[in-house]
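Here the structure comes first, spelled out in structure tokens, and everything after it is commentary.
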Amino acid sequence: MGGEDKDDMKGVKGKVTMDMASIDIVEKLHSKKGIFMLKRRKLFEFMGAAALMYSGAGHSKELSTKPFRHYPFDPVTAENFQQKLFIPGTSGPFGVLDVTGPLKIRATAASFSILPGRESPFLLYQTEQAGKSYQNPILRIESGARFTASLDNELLEPTIIHWHGLHTPAAMDGHPASTIAPGARFDYDFKVRNRGGTYWYHTHAHGLTARQAYQGLASFFLVDDEDQCSLAKAMDLRLGETDLPLVIQDKQFDAQGKLLYQPNAQESMMGWLGDIVLANLTPNAVQTVTQRTYRLRILNGSNSRIYRLAFVKGNTPLSFTVIGTDGGLIERPEKVVGAFVAPGERLDVLFDAGQGQPGTDILLKSLAFDAMENEGPASSMPGMPDMGQSTSRLAMGAEFNILKLSVIAGVRLVAKLPTRLSQVKPIRLEGATPRNIKLSLKNMNFLINGRTFSMDEIAFDVKQGAVEIWSISNPKVGMPHPMHLHGFSFQVIERLNSPPQVSALARFGKGRTVSDLGWKDTVLVWPGETVRIAIDFAHDFPGSQTYLFHCHNLEHEDAGMMINFRVQA
Ligand code: C2O
Ligand code: CU
Ligand code: CU
């Protein structure tokens, strides 16, 4: 995927440039002889989409009036899915970087060409290892290994990296209190204590997380272990070939191709939505597949959009197999036909593309659902200021396509799924400390236990080594909130009072859906629901540790739907 070729395009240091009809990334390579070479890597290949856009073939009039600003990229229309999915390679953008030593990461600005002929400025992480250069590398490391990296802030604004899902000492967690100024450096050094799994990293700059993550400061952090290894062997999964990291994001672009991020009062309150849906930064992506099983490591990297995932052929939802969630593999493969994935969550799935004959298209879709935002007071309360409408042409809960899988001829491989993937030891609940976490809405602000974030306020203390059961309840009036815990993975033990669209998926006991299995760090709590999670606060870090608990709707997080809690030694 993404052929490489040398050429003479001039790359500015730290910049990624491209040309019109194909989207190319220029990366600077330092050869052994000390000669700088420019290497190009095709990011996306447009198959006629550009022509369609510029031919004005019946679209020019619609452009101003139709719902989508960039008409060829309306994700509702399956015919628009013509751009080759960007697949991570071994260097360049989202290149897989096997961490072998200390990394020097720079947060910097660069441009990707995502829409034909347009340059989209992004923020990204740039690094080099063993003569290769990477933008937003997919970091891959063995469980138990030491991870050492420096972050140099080459942006014009403060930033910091948070390792989402990793169990690190608080000082290494990328708490907003650790935010560094432009020009400053932050040093990370910790042991990767997590089990194998699909984790990720992203900015956590105080008050700037939503915009900076939206502008690109995020990528995967993959941890390997024995279970992951034996699964890969059993299923012939090769990263970048049959094992595909897939980050799903929705964005808005202005007419020039610049990322648009200007939340009005309504959007600050509810969350920013895009109308172009990107899979690995590819709008309306297509990927050819043969009749075999693929692993898709799905990450919802969107600011606020929830996806209701399904693989659909014609009008028929096909089955897929969930093998992992936020914190790695679940115990057994679970066959389902749909699952919700909220911002911050991961869903690791196996999909048998042999369910389609060669020549068939299968669509990974987000199916329609009730966004459950309609009971909010924003639009209905008398005397409310005019907060504006959502500027996205793609409403939360609308049905649209994410990725088209085109089945091509090849050997039909029917994989035997292992009956057991891993062990997930249930947290012992005897003697656990109960704690109520109440989400609420006051003066157009979402609160946790009545609080809005304050940097040096500790909402509560928990004891090191204690097991707690948090009952997170969301009032009926409001909206869904993906609640995320730093520092510790947890287990979802029960869902209560779920709305019908959730209880319809609750096949796993105690109201739980497939997304609730295994080890979690983010859990979606729907209006009216109470979700009970178990957390074991055991750790071996010296002294007390302060972590965050927050909503991963990034607009909510920045608006203060976040608290500090302290694990007391
Ligand atoms: Cu992925 Cu505190 O965040
Ligand atoms: Cu996190
Ligand atoms: Cu929220």
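Annotations
- Listed residue pairs exceeding 26 Å between alpha carbons, taken from K416/K510; K404/K476; K335/K425; K313/K425: K416/K510; K404/K476; K313/K425
- Percent of beta bridges antiparallel (DSSP, segment 433-568, rounded to nearest 5): 75
- The Cα center of segment 140-155 and the Cα center of segment 264-314 differ in position by 27 Å.
- Rounded to the nearest 20 debye, the dipole magnitude of segment 433-568 is 560 debye, with +1 charges on Lys and Arg beta carbons, -1 on Asp and Glu beta carbons, and the Cα centre as origin.
- Charge-dipole axis of the chain as Lys and Arg at +1 and Asp and Glu at -1 on Cβ define it, positive-most pick from Q568, V247, I161: V247
- Whole-Å semi-axes of segment 433-568's equivalent ellipsoid (Cα gyration tensor): 23, 20, 11
- Hydrodynamic radius of segment 69-134 per Kirkwood, over alpha carbon pairs, in Å: 14.3
- Surface accessible to a 1.4 Å probe, per residue, for the residues of segment 246-407, Å²: 30
- Alpha carbon Rg of segment 93-241, scaled by the compact-globule rule 2.2 N^0.38 Å: 1.06
- Percent of Cα-Cα distances greater than 28 Å, calculated over segment 246-407: 28
- Take every pair of alpha-carbon atoms less than 8 Å apart whose residues are at least six positions apart; their mean separation over the length of the chain yields a relative contact order of 13 percent.
- Alpha carbon convex hull of the chain, projected area averaged over orientations, nm²: 25.4
- Semi-axis lengths, largest first, of the ellipsoid equivalent to segment 231-329 are 30, 15, 14 Å, with √(5λ) applied to each eigenvalue of the Cα gyration tensor.
- Ranking Q262, S390, V286 by how far each Cα lies toward the positive end of the dipole of segment 246-407 (charges on Cβ) leaves V286 at the top.
- Kirkwood-Stokes translational diffusion coefficient of segment 360-505, alpha-carbon pairs, 25 °C, 0.890 mPa s, µm²/s: 121
- Peptides 177-183, 480-486, 409-415 ranked from most to least packed, by the mean per-residue count of other Cβ atoms within 10 Å: 480-486, 177-183, 409-415.
- Annotation: the antiparallel percentage among DSSP beta bridges lying fully within the chain is about 75.
- Evaluated with a Cβ-only charge set (Lys, Arg +1; Asp, Glu -1), segment 246-407 carries a dipole of roughly 640 debye about its Cα centre, given to the nearest 20.
- Pairwise centroid distance, computed over Cα atoms, of segment 394-449 with segment 327-377, Å: 9
- Our analysis of segment 391-473 gives Rg over Rh at 1.18, with the two radii drawn from alpha carbon positions and Rh computed by the Kirkwood formula.
The values are calculated or read from the model by the stated rules, or taken from the named source; none is laboratory data. Just so it is clear, the structure is predicted and the values come from calculations on it, not from any experiment. Positions of Cβ are backbone-derived with ideal geometry, glycine not excepted, and every protein chain shown enters the neighbour counts. Each accessible area value is taken on the protein alone, full model and side chains, heavy atoms only, with ligands, DNA and RNA left out. Shrake-Rupley method; radii C 1.70, N 1.55, O 1.52, S 1.80 Å.
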